Structure formats: structure tokens, C-alpha cells
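The values are calculated or read from the model by the stated rules, or taken from the named source; none is laboratory data. All values reported here derive from a predicted model rather than from experimental measurement. No Cβ is skipped: glycine too gets one built from the backbone with ideal geometry, and neighbour counts run over all protein chains shown.
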Amino acid sequence: MRKLIALVVILATLYGGYWFIGRAQVQSRLTEALAQIDAGATEISYDDLSTRGFPSRFDTTITNLTVADPTAGVRWETPIFQLLALSYRPNNVRAHFPEEQVFTLDGERFTLLTEEMVARGQVSPSTTLPFQQAELELVNPRLRTEEGAEISLARLFAAMRLAPDTDQTYDAFFEARSLALPDYIRRLADPQNLQPPMIQSLRLDADIDLDAPIALNADVTMGRIETLSIRELALDWGEISLSAIGDLTPDEMGRINGSVTLAARNWSRIFDLLIAAGVVSGDSRELYTTILNGLDETPHIPDTLTATLAFDDGVMTLGPLPLGEAPRLR
């Protein structure tokens, strides 16, 4: 029994020593990283940085944190910011944000209010710290201007992860639910209140293939996009649904090559909105309808318009119609 007690005491002492050493490493490396960033174009200030959580956690709290880029005119202020990790899994980190944060963009001040805002990140435990996955979730976020205009959502979720059995292909996902636009934007987009006040959802599901893996501790620059595969890009608003799927790659000059299939359900309602907003003249409706019916690849599906947006040799076309120069992917 004495030997068992002695063994427990020794193991506890060793583990406690590991925690204190780890805590010192966490604090020193974070402090050094913030100082390095502050020495560049970005300005960083804070009141206190401390790590607690003995014996099984590294919970770091930074108070009155301000991050600013004067050149870009961007500033972020938060009263508290926390980085949390289990001491035996320091490569898996959660970031917790307060219920109220302030952003300044080109001199205009915005307040972000949330019930909960959490980010999660994981890297592989190796010298280059290769990226594995990251998530960002906001529950009931509201972005408010100084004048009181507000955009709100029920939930915003974004995620990116390394695809299984690959080294540099990543799954990307984004979804915004129950999006309510500010009144002045809604009046511009839908002056006659033809649509519901809330947009049900906006989603993106895609694969991104890079020319190099993402690694936090690598000496190489961020990898460039080799292929962008859009599995779903969709907007649902009342009876209107817009979607896009397709595969895109850059050519030697970085211009987009490939095609995207576009689909619009209840597209006649979209014309109602455009006419009500004054974007399209009511007298031109018949002309545009005839043109789009000619482009429709699914005429057998009532009130659904399907057309292919193609990018080839630097030229962008919608069906047979040329639309100009193809945009660049990189």
C-alpha cells in the first residue's frame, strides 16, 4: 500500500510539473506571438493575459483586447477573449467570445451582439502544425450600426476541415439561417413586401483543392486554389430558391475555367421583385422572359429556370450569350 501511495504521489507530482511547464509555455508563446504581430502593421493592445485550469486545462484569458489595422481602417475591440484547451490535447483549441464586441470599418462603428459565439480549431501534433479542422458558430447574432440599423440571424455556422485521405483538399461549409435584413435594405430589395421578412437560409458546401497544405508553422505562403468544386450554393427566400453547382479551376493566368449550373425556382417572382424595385421596367418583362425561356435547359419543369454559366479561355458566357471577361480565381 505504501508503494502504491508513493507511486500515486510521484505521478501526481510529475503531472503537476507538466502542467506548470505547459502553462508557462502557453503564456510565453502567446505573449511573443502577440508582440510579433504588434511589431508589424497590425496594432495589438490588452490589459492582461493569464492561463489557469490546473490540473487538466490550459484556459487563457485576455482582457480588454484591441486589434487594429490602421492602413485598412479595421479595428476590433472585446472586453474578454478566451482560449481553452485540455492539457493533454493542446492541439485542439476552443475560442470563446463575449456577448458584445465592437468592430470599426472605415470609421463606422458596429456592435456585434450574440447569445453565444465559439470557434474551434485543431492541428496535427507535428512541427509544422498542419491544419485539420476549424469551426465558427454564432447563436442569434445581431450586427448593429450606430444609427440603430440591424441585421440578425438565428444561427451562423462556418466550418473547414481536411478531407479524409488527402493532404491538401479541404471541405468548406457555410450556413446562415433566418436572416433578417435592416429595414432600409429590405425597402430597397422588396419595396412592396412581396416576400417574407426573413430569408430562410443561405448555404455553401464546397471542396477546395490547394497546391500546398495549410500549416500554421510552415515557412511557405498560403496555398493557391487548384480546384473549387461547388456542391451546393443555395439561397431560400419564401417561394424563391436559387442554387448553383459546378467545378472551377484557374488557367495559367489565374482566370476561371469550368462551368456552374444555375437554377432558379419560381423565377417569375424574381421578376416581380426587380420590377417593384425599379431595376427592370415592367414594359421589358416580356422581352426578358422570352430570352430566359430560350436559355432554359429544363423547360419541362414548370417555373424553374436552369442555365449554365461557362468560363472558357478567359470568356464568360450564359448559355450562348457572352457576358464578358472571366473573373480570376487567384
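Points worth noting:
- Taking the listed residues I256, I245, the one that is of a type in the set (A, V, I, L, M, F, W, C), assigned to a strand (DSSP E or B) and touching a Phe, Trp or Tyr at 6+ places or on another chain (Cβ under 9 Å) is I256, with no other qualifying.
- Among residues of segment 124-151, those that are under 30 Å from P213 (Cβ atoms) and not in a loop (DSSP other than H, G, I, E, B), counted: 9
- Filtered by the rule that a residue be of a type in the set (K, R) and surrounded by fewer than 16 Cβ atoms within 10 Å (Cβ to Cβ), segment 253-290 gives a lone residue, R285.
- Tally, over segment 300-317, of residues that are over 28 Å from the mean Cα position of the chain (by Cα) and either polar (S, T, N, Q) or not in a loop (DSSP other than H, G, I, E, B) (or both): 5
- Scanning segment 1-54 for residues being at pLDDT 50 or above, closer than 22 Å to R89 by Cα, surrounded by 12 or more Cβ atoms within 10 Å (Cβ to Cβ) and of a type in the set (S, T, Y) gives a total of 3.
- Of the candidates E232, E297, the single residue that is among the charged types (D, E, K, R) and assigned to a loop (DSSP other than H, G, I, E, B) is E297.
- In segment 152-171, the residues that are outside any strand (DSSP E or B), touching a strand residue (DSSP E or B) at 6+ places or on another chain (Cβ under 6 Å) and over 21 Å from M198 (Cα atoms): A163, Q168
- Search result, residues across segment 99-135 that are among the small types (G, A, S) and either more than 25 Å from P70 (Cβ to Cβ) or in contact with a strand residue (DSSP E or B) (Cβ under 7 Å, 6 or more places away or on another chain) (or both): A119, G121, S124, S126, A134
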